[in-house]
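Notes follow the structure.
The values are calculated or read from the model by the stated rules, or taken from the named source; none is laboratory data. Since the structure is predicted, the reported quantities are computational estimates derived from the model, not experimental observations. Cβ: placed from backbone, ideal geometry, glycine included. Neighbour counts: every protein chain shown.
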Amino acid sequence: MSTVLVIGASRGIGLELVRQYREEGRRVIATVRDEAGRERVQALGAEAKQIDVTNPASVSGLAWLLDGEKIDIALYVAGVIRRPNALTPPTQQDFDAVMHTNVLGAMQALPQVAPMVEEAGGVFAFLSSSMSQIGSVDDSGSWVYRVSKAALNMAVAAAQNDYPRATLITIDPGWVQTDMGGATAPVQIEDSVSGMRSVIATLTPEDKGQLLHYDGRRAAHW
Ligand code: NDP
(Lines give C-alpha, C1' and ligand atoms only; values in the text may rest on other atoms or scores of the structure.)
Protein backbone atom coordinates (compact mmCIF):
# COMPACT_ATOMS: atom_id res chain seq x y z
CA MET A 1 0.00 0.00 0.00
CA SER A 2 1.42 3.39 -0.87
CA THR A 3 2.06 5.96 1.83
CA VAL A 4 1.00 9.62 1.97
CA LEU A 5 2.39 12.12 4.50
CA VAL A 6 0.39 15.28 5.29
CA ILE A 7 2.24 17.89 7.39
CA GLY A 8 -0.39 20.19 8.93
CA ALA A 9 -3.43 17.91 8.76
CA SER A 10 -5.61 18.96 11.70
CA ARG A 11 -8.23 20.93 9.73
CA GLY A 12 -8.94 22.67 6.43
CA ILE A 13 -7.16 21.49 3.29
CA GLY A 14 -4.83 19.16 5.23
CA LEU A 15 -7.70 17.27 6.86
CA GLU A 16 -9.52 16.93 3.53
CA LEU A 17 -6.33 15.56 1.94
CA VAL A 18 -6.26 12.94 4.69
CA ARG A 19 -9.93 12.10 4.07
CA GLN A 20 -9.60 11.76 0.28
CA TYR A 21 -6.32 9.84 0.30
CA ARG A 22 -7.76 7.43 2.89
CA GLU A 23 -10.85 7.01 0.70
CA GLU A 24 -8.49 6.16 -2.17
CA GLY A 25 -7.11 3.32 0.01
CA ARG A 26 -3.76 4.84 0.88
CA ARG A 27 -1.93 4.61 4.17
CA VAL A 28 -1.79 8.18 5.54
CA ILE A 29 0.58 9.62 8.14
CA ALA A 30 -0.81 12.94 9.36
CA THR A 31 0.91 15.54 11.53
CA VAL A 32 -1.09 17.60 14.02
CA ARG A 33 -0.34 19.92 16.92
CA ASP A 34 -2.89 18.93 19.53
CA GLU A 35 -5.19 16.23 20.82
CA ALA A 36 -8.26 17.50 18.95
CA GLY A 37 -6.34 17.32 15.67
CA ARG A 38 -5.06 13.86 16.53
CA GLU A 39 -8.62 12.62 17.10
CA ARG A 40 -9.84 14.07 13.79
CA VAL A 41 -7.14 12.42 11.68
CA GLN A 42 -7.36 9.13 13.54
CA ALA A 43 -11.13 9.08 12.98
CA LEU A 44 -10.29 9.04 9.24
CA GLY A 45 -7.94 6.10 9.70
CA ALA A 46 -4.66 8.03 9.55
CA GLU A 47 -1.63 7.52 11.77
CA ALA A 48 -1.04 10.69 13.79
CA LYS A 49 2.33 12.30 14.62
CA GLN A 50 2.76 15.49 16.59
CA ILE A 51 4.77 18.23 14.86
CA ASP A 52 4.80 22.00 15.34
CA VAL A 53 6.75 23.36 12.39
CA THR A 54 7.68 26.54 14.30
CA ASN A 55 9.29 24.56 17.09
CA PRO A 56 12.82 23.65 15.93
CA ALA A 57 13.08 20.68 18.30
CA SER A 58 9.75 19.37 17.07
CA VAL A 59 10.31 19.76 13.32
CA SER A 60 13.87 18.43 13.49
CA GLY A 61 12.42 15.20 14.88
CA LEU A 62 10.54 14.46 11.64
CA ALA A 63 13.25 12.21 10.18
CA TRP A 64 13.40 10.24 13.41
CA LEU A 65 9.60 9.93 13.63
CA LEU A 66 9.48 8.68 10.03
CA ASP A 67 12.61 6.52 10.17
CA GLY A 68 12.61 3.80 7.52
CA GLU A 69 9.52 5.05 5.64
CA LYS A 70 9.24 5.27 1.87
CA ILE A 71 6.83 8.09 1.09
CA ASP A 72 4.97 8.15 -2.23
CA ILE A 73 3.30 11.52 -1.71
CA ALA A 74 4.31 14.11 0.90
CA LEU A 75 2.45 17.40 1.32
CA TYR A 76 3.58 20.40 3.34
CA VAL A 77 0.27 22.09 4.12
CA ALA A 78 0.95 23.99 7.38
CA GLY A 79 0.50 27.69 6.79
CA VAL A 80 -0.59 30.96 8.40
CA ILE A 81 -1.60 34.35 7.01
CA ARG A 82 -1.55 37.97 8.18
CA ARG A 83 -3.68 40.45 6.23
CA PRO A 84 -2.05 43.93 6.43
CA ASN A 85 -0.97 45.52 3.14
CA ALA A 86 2.03 47.64 2.18
CA LEU A 87 0.54 50.84 3.64
CA THR A 88 1.92 49.84 7.04
CA PRO A 89 5.25 48.26 7.98
CA PRO A 90 4.82 44.65 9.03
CA THR A 91 5.33 43.95 12.71
CA GLN A 92 8.23 41.73 13.63
CA GLN A 93 5.71 39.39 15.22
CA ASP A 94 3.62 38.99 12.03
CA PHE A 95 6.72 38.65 9.86
CA ASP A 96 8.27 36.01 12.09
CA ALA A 97 5.06 34.00 12.45
CA VAL A 98 4.35 33.87 8.72
CA MET A 99 7.91 33.33 7.53
CA HIS A 100 8.59 30.71 10.18
CA THR A 101 5.54 28.58 9.43
CA ASN A 102 5.40 29.02 5.67
CA VAL A 103 9.11 29.13 4.77
CA LEU A 104 11.51 28.05 7.52
CA GLY A 105 9.29 25.13 8.57
CA ALA A 106 9.13 23.93 4.97
CA MET A 107 12.90 24.33 4.52
CA GLN A 108 13.53 22.37 7.72
CA ALA A 109 11.10 19.60 6.78
CA LEU A 110 12.35 19.29 3.20
CA PRO A 111 15.81 17.73 3.70
CA GLN A 112 14.40 15.30 6.25
CA VAL A 113 11.49 14.05 4.14
CA ALA A 114 12.75 14.38 0.55
CA PRO A 115 15.15 11.37 0.81
CA MET A 116 12.19 9.20 1.86
CA VAL A 117 10.22 10.51 -1.13
CA GLU A 118 13.20 9.74 -3.38
CA GLU A 119 13.20 6.15 -2.08
CA ALA A 120 9.68 5.79 -3.51
CA GLY A 121 10.32 7.92 -6.63
CA GLY A 122 7.46 10.02 -5.29
CA VAL A 123 6.13 13.58 -5.12
CA PHE A 124 6.72 16.24 -2.44
CA ALA A 125 4.17 19.05 -2.86
CA PHE A 126 4.19 22.31 -0.90
CA LEU A 127 1.01 24.37 -0.59
CA SER A 128 1.76 27.74 -2.17
CA SER A 129 -0.65 30.33 -3.57
CA SER A 130 -1.47 32.34 -6.67
CA MET A 131 -0.63 35.27 -4.37
CA SER A 132 3.04 34.27 -4.74
CA GLN A 133 3.13 35.18 -8.43
CA ILE A 134 4.98 38.45 -9.01
CA GLY A 135 3.91 38.78 -12.66
CA SER A 136 0.19 38.93 -11.90
CA VAL A 137 0.18 40.92 -8.66
CA ASP A 138 -2.55 43.57 -8.59
CA ASP A 139 -2.68 44.59 -4.92
CA SER A 140 -0.56 44.38 -1.79
CA GLY A 141 -3.08 42.68 0.53
CA SER A 142 -1.48 40.14 2.89
CA TRP A 143 1.92 41.22 1.62
CA VAL A 144 3.98 39.29 4.18
CA TYR A 145 2.05 36.16 3.19
CA ARG A 146 2.69 36.89 -0.52
CA VAL A 147 6.40 37.23 0.22
CA SER A 148 6.43 33.98 2.20
CA LYS A 149 4.84 31.95 -0.59
CA ALA A 150 7.16 33.49 -3.23
CA ALA A 151 10.08 32.49 -1.00
CA LEU A 152 8.64 29.00 -0.63
CA ASN A 153 8.45 28.67 -4.44
CA MET A 154 12.16 29.47 -4.66
CA ALA A 155 13.10 27.12 -1.83
CA VAL A 156 11.35 24.23 -3.56
CA ALA A 157 12.59 25.05 -7.08
CA ALA A 158 16.17 25.25 -5.79
CA ALA A 159 15.94 22.07 -3.71
CA GLN A 160 14.66 20.05 -6.68
CA ASN A 161 18.26 19.97 -7.93
CA ASP A 162 19.40 18.03 -4.87
CA TYR A 163 16.66 15.37 -5.00
CA PRO A 164 16.50 14.31 -8.67
CA ARG A 165 14.68 11.03 -7.98
CA ALA A 166 11.73 12.86 -6.40
CA THR A 167 9.36 15.38 -7.98
CA LEU A 168 9.15 18.55 -5.90
CA ILE A 169 6.40 21.04 -6.72
CA THR A 170 4.55 23.99 -5.25
CA ILE A 171 0.78 23.95 -5.70
CA ASP A 172 -1.92 26.62 -5.44
CA PRO A 173 -5.13 25.13 -4.00
CA GLY A 174 -7.31 27.97 -5.31
CA TRP A 175 -9.23 30.31 -3.01
CA VAL A 176 -10.82 27.71 -0.78
CA GLN A 177 -13.54 27.71 1.90
CA THR A 178 -11.50 27.05 5.06
CA ASP A 179 -10.71 29.00 8.23
CA MET A 180 -8.03 30.78 6.20
CA GLY A 181 -9.98 31.21 2.96
CA GLY A 182 -13.25 32.25 4.64
CA ALA A 183 -16.84 31.22 4.04
CA THR A 184 -17.25 33.24 0.83
CA ALA A 185 -14.30 31.69 -1.02
CA PRO A 186 -15.36 30.41 -4.46
CA VAL A 187 -13.74 26.96 -4.32
CA GLN A 188 -15.18 24.12 -2.23
CA ILE A 189 -12.59 22.25 -0.22
CA GLU A 190 -13.54 18.88 -1.81
CA ASP A 191 -12.97 20.29 -5.32
CA SER A 192 -9.65 21.89 -4.42
CA VAL A 193 -8.33 18.67 -2.92
CA SER A 194 -9.61 16.36 -5.65
CA GLY A 195 -8.09 18.74 -8.20
CA MET A 196 -4.72 18.70 -6.44
CA ARG A 197 -4.84 14.91 -6.22
CA SER A 198 -5.31 14.62 -9.97
CA VAL A 199 -2.54 17.13 -10.65
CA ILE A 200 -0.18 15.19 -8.36
CA ALA A 201 -1.14 11.90 -10.02
CA THR A 202 -0.33 13.18 -13.51
CA LEU A 203 2.90 15.14 -13.08
CA THR A 204 5.50 15.05 -15.86
CA PRO A 205 9.28 15.58 -15.57
CA GLU A 206 8.75 19.14 -16.91
CA ASP A 207 6.75 19.96 -13.78
CA LYS A 208 9.69 19.40 -11.44
CA GLY A 209 10.32 22.47 -9.29
CA GLN A 210 7.33 24.32 -10.76
CA LEU A 211 4.20 26.02 -9.37
CA LEU A 212 0.95 24.38 -10.49
CA HIS A 213 -2.69 25.26 -9.88
CA TYR A 214 -5.22 22.82 -8.42
CA ASP A 215 -7.19 22.86 -11.70
CA GLY A 216 -4.20 21.69 -13.74
CA ARG A 217 -3.05 25.06 -15.07
CA ARG A 218 0.72 25.44 -15.05
CA ALA A 219 1.97 28.78 -13.74
CA ALA A 220 5.12 30.81 -13.83
CA HIS A 221 6.85 31.52 -10.54
CA TRP A 222 7.17 35.20 -11.44
P1 NDP B 1 -6.32 26.62 7.72
O2 NDP B 1 -6.05 27.90 8.43
O3 NDP B 1 -7.71 26.13 7.61
O4 NDP B 1 -5.40 25.43 8.35
C5 NDP B 1 -4.04 25.67 8.56
C6 NDP B 1 -3.37 24.36 8.93
O7 NDP B 1 -1.97 24.62 9.16
C8 NDP B 1 -3.92 23.75 10.21
O9 NDP B 1 -3.93 22.34 10.10
C10 NDP B 1 -2.92 24.21 11.24
O11 NDP B 1 -2.84 23.41 12.41
C12 NDP B 1 -1.63 24.08 10.42
N13 NDP B 1 -0.56 24.85 11.06
C14 NDP B 1 -0.49 26.18 11.26
N15 NDP B 1 0.63 26.48 11.93
C16 NDP B 1 1.27 25.29 12.14
C17 NDP B 1 2.47 24.94 12.80
N18 NDP B 1 3.24 25.87 13.40
N19 NDP B 1 2.83 23.65 12.84
C20 NDP B 1 2.06 22.69 12.26
N21 NDP B 1 0.90 22.96 11.64
C22 NDP B 1 0.52 24.25 11.59
O23 NDP B 1 -5.67 26.82 6.28
P24 NDP B 1 -6.01 26.13 4.87
O25 NDP B 1 -6.38 24.72 5.06
O26 NDP B 1 -6.91 27.03 4.14
O27 NDP B 1 -4.59 26.26 4.17
C28 NDP B 1 -3.69 25.17 4.02
C29 NDP B 1 -2.52 25.64 3.15
O30 NDP B 1 -3.01 26.10 1.88
C31 NDP B 1 -1.74 26.82 3.76
O32 NDP B 1 -0.37 26.64 3.50
C33 NDP B 1 -2.27 28.01 3.00
O34 NDP B 1 -1.34 29.07 2.95
C35 NDP B 1 -2.53 27.41 1.63
N36 NDP B 1 -3.51 28.17 0.85
C37 NDP B 1 -4.81 28.27 1.26
C38 NDP B 1 -5.73 29.02 0.50
C39 NDP B 1 -7.18 29.14 0.89
O40 NDP B 1 -7.92 29.85 0.17
N41 NDP B 1 -7.66 28.50 1.94
C42 NDP B 1 -5.31 29.71 -0.73
C43 NDP B 1 -3.92 29.52 -1.08
C44 NDP B 1 -3.07 28.78 -0.30
P45 NDP B 1 -3.60 23.83 13.81
O46 NDP B 1 -5.01 23.32 13.70
O47 NDP B 1 -2.81 23.13 14.84
O48 NDP B 1 -3.55 25.32 13.92
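Odds and ends about this structure:
- With respect to the conditions (1) surrounded by 15 or more Cβ atoms within 10 Å (Cβ to Cβ); (2) without any contact (Cβ under 8 Å) to a residue 60 or more places away in the chain, residue 69 lacks only one, and its number is (2).
- Qualifying position, being crowded, with 23+ Cβ neighbours inside 10 Å and touching a residue at least 40 places away in the same chain (Cβ under 8 Å), among 95, 126: 126
- Enumeration of residues in segment 188-212 that are surrounded by 18 or more Cβ atoms within 10 Å (Cβ to Cβ) and either among the polar types (S, T, N, Q) or within 12 Å of the ligand (Cβ to nearest atom) (or both): 189, 192, 193, 196, 210, 211
- Answer residue from segment 1-53, given it is more than 11 Å from the ligand (Cβ to nearest atom) and in a loop (DSSP other than H, G, I, E, B) and is nearest to residue 194 (Cα to Cα) among those: 24
- Residue 202 meets all of the listed conditions (1) under 25 Å from residue 28 (Cα atoms); (2) under 15 Å from the mean Cα position of the chain (by Cα) but one, namely (2).
- So residue 112, is it within 14 Å of the ligand (Cβ to nearest atom) and closer than 28 Å to residue 205 by Cβ: no
- Residues satisfying the stated conditions in segment 123-138, i.e. away from the ligand (no atom under 13 Å from the Cβ) and at pLDDT 95 or above: 123, 124
- Residue count for segment 138-187, restricted to those that are basic (Lys, Arg), surrounded by 14 or more Cβ atoms within 10 Å (Cβ to Cβ) and in contact with a Gly (Cβ under 9 Å, 6 or more places away or on another chain): 1.
- Residue 58 meets the conditions (1) part of a helix (DSSP H, G or I); (2) among the hydroxyl-bearing types (Ser, Thr, Tyr); (3) in contact (Cβ under 8 Å) with a residue 12 or more places away in the chain; (4) within 11 Å of the ligand (Cβ to nearest atom) in every case but one. The failed one is (3).
- Residue within segment 73-85 that is surrounded by 20 or more Cβ atoms within 10 Å (Cβ to Cβ), away from the ligand (no atom under 15 Å from the Cβ), touching a residue at least 24 places away in the same chain (Cβ under 8 Å) and under 28 Å from residue 150 (Cβ atoms) present: yes
- Candidates 162, 191, 172: the one that is charged (D, E, K, R) and in contact with a strand residue (DSSP E or B) (Cβ under 8 Å, 6 or more places away or on another chain) is 172.
- Within segment 62-79, tally of residues that are over 21 Å from residue 178 (Cα atoms) and either assigned to a loop (DSSP other than H, G, I, E, B) or touching an Asp or Glu at 6+ places or on another chain (Cβ under 6 Å) (or both): 7
- Residues being in a loop (DSSP other than H, G, I, E, B) and on the phi < 0 side of the Ramachandran plot - total across segment 162-175: 6
- Enumeration of residues in segment 171-180 that are of a type outside the set (S, T, N, Q), near the ligand (Cβ under 8 Å from one of its atoms) and either closer than 25 Å to residue 121 by Cα or touching a residue at least 60 places away in the same chain (Cβ under 8 Å) (or both): 172, 173, 176, 179, 180
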